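The structure appears right after this line, and notes come after that.
The values are calculated or read from the model by the stated rules, or taken from the named source; none is laboratory data. Since the structure is predicted, the reported quantities are computational estimates derived from the model, not experimental observations. Neighbour counts run over all protein chains shown; Cβ positions are idealised from the backbone, glycine included.
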Amino acid sequence: MTEQIQHTKTLRQRDMVLFTVSAILLLDTLTAAASVGAPSVFWWIFLGIIFFVPFALICAEMGCAYPEQGGIYAWIRDGYGGRWASRATWCYWVNTAVWMPAIFILFAGVFKQMFYPEMSLAWQIGIGIVLTWLAVLVNVITLDVGKWIPNLGAILKVIIFVAIILGSIGYVQVNGMANPLTFETLKPDWSDSLQYIPAIIYGMLGFELVSAGSEEMRDPARDVPRSILISGVIIIVLYLLGTMAVLAAIPAGDINLVEGLIDTLKLFFGGSTAGNLFVLVLGIGALYTFFSNGVTWALGCNRAAAEAALEGELPKVFGIESKELGTPIGAAVLMGAVSTIVLILYGFMSGSNEDLFWSLFAFSAVIFLLPYEGMLLTFVKMRIVDADHPRPYRVPGGLGVARIAAWTCIAVLAPSIVLFMYTPGDGMEWPVLVGVVITLLIGEFVIRFSENHRST
């Protein structure tokens with residue numbers, strides 16, 4: 001019989017709002033979205049209405065109706081059984097193990113741009129490995145301490161977004177818009193938008209992480225929906241205005257996915273000693289947010305994987321927890337090992353930090369999006385088969401509206417998955433496809449191994 005770990009009730013609503021903002025509001029998504037050009041404004045608004053809002057409402061309902069430590073794993077397990085839940089959790093966990101290297105390569109690229117322009121890709125990979133194991137360390141300390149990493153990251157993100165937005169106002173008055181925003185330019189251009197539209201969707205996901213730490217919340221039924229709704233408003237407003245700010249500074253075709261943020265800050269504030277110092281301070285803040293991104297997602301995903309292991313759906317090593325702290329040591333260390341291997345392997349195949357960042361980002365994104373299809377299907381099913389279950393918060397409009405919202409989200413996610421692997425005109429991204437297939441096969445082996453060695 002598995003010994004149950006008592007989780008301390010340390011998380012407040014404020015913590016969960018900041019945690020969610022830290023997880024979803026991504027500076028790397030800002031440059032990827034702006035690369036679409038002026039139509040990105042249309043896509044933020046359009047996808048915000050048909051996907052972001054309904055997805056947030058669905059997560060709010062699921063999070064307060066089923067506030068279990070495992071989050072997305074627990075939901076899919078209740079809806080479709082342990083094996084499908086394990087597949088979702090494997091994708092959820094291994095995505096983060098691959099995405100952390102991408103975000104830490106972004107960290108290294110910005111660090112290079114700010115301090116050591118001649119830094120080689122090998123040294124940038126080394127920085128990524130060090131950051132990976134620092135993230136592991138944060139994951140094995142108590143949330144009462146670890147929560148301040150994402151909390152501070154969220155505050156700094158908001159400050160940087162606001163700085164970019166305010167800086168763009170003065171810049172535009174003097175220089176005009178680098179990418180004019182008119183009715184004609186805002187119309188979506190499918191040929192140029194297809195590659196990066198999935199990145200916008202990617203930047204809208206993560207509300208379910210709130211429930212991953214529910215056993216450490218003081219009042220999850222109250223705080224989960226409130227946290228999601230408050231953070232959702234903050235996130236979509238900052239994404240929209242922040243993208244417009246980047247478009248004000250740099251022509252879309254010249255936006256570098258890794259260096260675009262600092263380039264924008266230099267245009268807005270650089271040129272004087274005080275201005276350059278301000279850019280330096282904001283740049284250091286951005287570096288911290290990249291680290292906090294990795295930590296935030298690892299905190300949620302490692303807890304989901306640990307819960308699956310305790311249920312016997314993943315190998316026992318994932319479920320090793322600190323008896324004193326209740327933290328997922330096994331899952332965290334494994335994530336560090338996988339991230340390190342991925343950084344080294346993909347580093348050999350990439351010619352630049354931008355290539356390495358996008359390859360890792362696209363690979364992780366495909367894996368990342370798959371569990372959400374399962375989560376949304378679970379929502380539809382549980383609304384019917386578990387209709388009498390207490391739901392402190394419900395998606396407004398009744399069952400019909402709830403089902404339409406879920407199926408709309410499913411329909412938006414499906415082509416996003418495809419477009420990360422295949423872009424019309426550019427062809428198939430074979431390293432991404434092969435990586436996804438191998439990852440899913442490894443996951444299937446891990447799950448079957450766990451089933452065969454499950455304690456009776």
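Looking at the stretch 167-188, I want the residues that are touching a residue at least 40 places away in the same chain (Cβ under 8 Å) and within 19 Å of residue 46 (Cα to Cα) and have a partner that is of a type outside the set (Ser, Thr, Tyr) and assigned to a loop (DSSP other than H, G, I, E, B) with Cβ atoms under 6 Å, at least 6 apart or on another chain. Which pairs are those?
181/38; 185/38; 186/38
Yes or no: residue 130 under 26 Å from residue 359 (Cα atoms), free of Cβ contacts under 8 Å to residues at least 12 places away in the same chain and either among the basic types (Lys, Arg) or assigned to a helix (DSSP H, G or I) (or both)?
Taking the combined requirement at face value, the residue satisfies it.
Each row is one residue, and each column tells you yes or no for (1) part of a helix (DSSP H, G or I); (2) farther than 18 Å from residue 207 by Cα.
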site	(1), (2)
53	yes, no
57	yes, no
63	yes, no
78	yes, yes
84	yes, yes
92	yes, no
95	yes, no
117	no, yes
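Can you pull out the residues in the stretch 267-286 that are of a type outside the set (Gly, Ala, Ser) and either at pLDDT below 90 or surrounded by 18 or more Cβ atoms within 10 Å (Cβ to Cβ) (or both)? Please lay out each step first, then the result.
Residues of the stretch 267-286 that are of a type outside the set (Gly, Ala, Ser), as a first pass: 267-269, 273, 276-282, 284.
Matches in the stretch 267-286: 267, 268, 269, 279, 282.
Output yes when any residue across the stretch 402-425 is touching a helix residue (DSSP H, G or I) at 6+ places or on another chain (Cβ under 7 Å), within 19 Å of residue 360 (Cα to Cα) and exposed (fewer than 12 other Cβ atoms within 10 Å of the Cβ), and no when none is.
No; the residues of the stretch 402-425 include none that is touching a helix residue (DSSP H, G or I) at 6+ places or on another chain (Cβ under 7 Å), within 19 Å of residue 360 (Cα to Cα) and exposed (fewer than 12 other Cβ atoms within 10 Å of the Cβ).
Restricting attention to the stretch 44-52, does a residue exist that is at positive phi, in contact (Cβ under 8 Å) with a residue 60 or more places away in the chain and under 19 Å from the mean Cα position of the chain (by Cα)?
The answer is no, given that none of the residues of the stretch 44-52 is at positive phi, in contact (Cβ under 8 Å) with a residue 60 or more places away in the chain and under 19 Å from the mean Cα position of the chain (by Cα).
Anything in the stretch 265-284 that is in a loop (DSSP other than H, G, I, E, B) and over 19 Å from residue 245 (Cβ atoms)? List them, or say none. Outline the logic, then answer.
Step one: filter the stretch 265-284 for residues in a loop (DSSP other than H, G, I, E, B), giving 270-272.
If the condition is that a residue be in a loop (DSSP other than H, G, I, E, B) and over 19 Å from residue 245 (Cβ atoms), then 272 is the only one that fits.
Give the residue, chosen from 349, 382, that is touching a Leu at 6+ places or on another chain (Cβ under 9 Å) and touching a residue at least 60 places away in the same chain (Cβ under 8 Å). Walk me through it before giving the result.
Values: 382 fails: touching a Leu at 6+ places or on another chain (Cβ under 9 Å).
So the residue among 349, 382 that is touching a Leu at 6+ places or on another chain (Cβ under 9 Å) and touching a residue at least 60 places away in the same chain (Cβ under 8 Å) is 349.
From the residues in the stretch 378-401 that are assigned to a helix (DSSP H, G or I) and charged (D, E, K, R), which one is surrounded by the fewest Cβ atoms within 10 Å (Cβ to Cβ)?
Per the stated criteria, the residue is 381.
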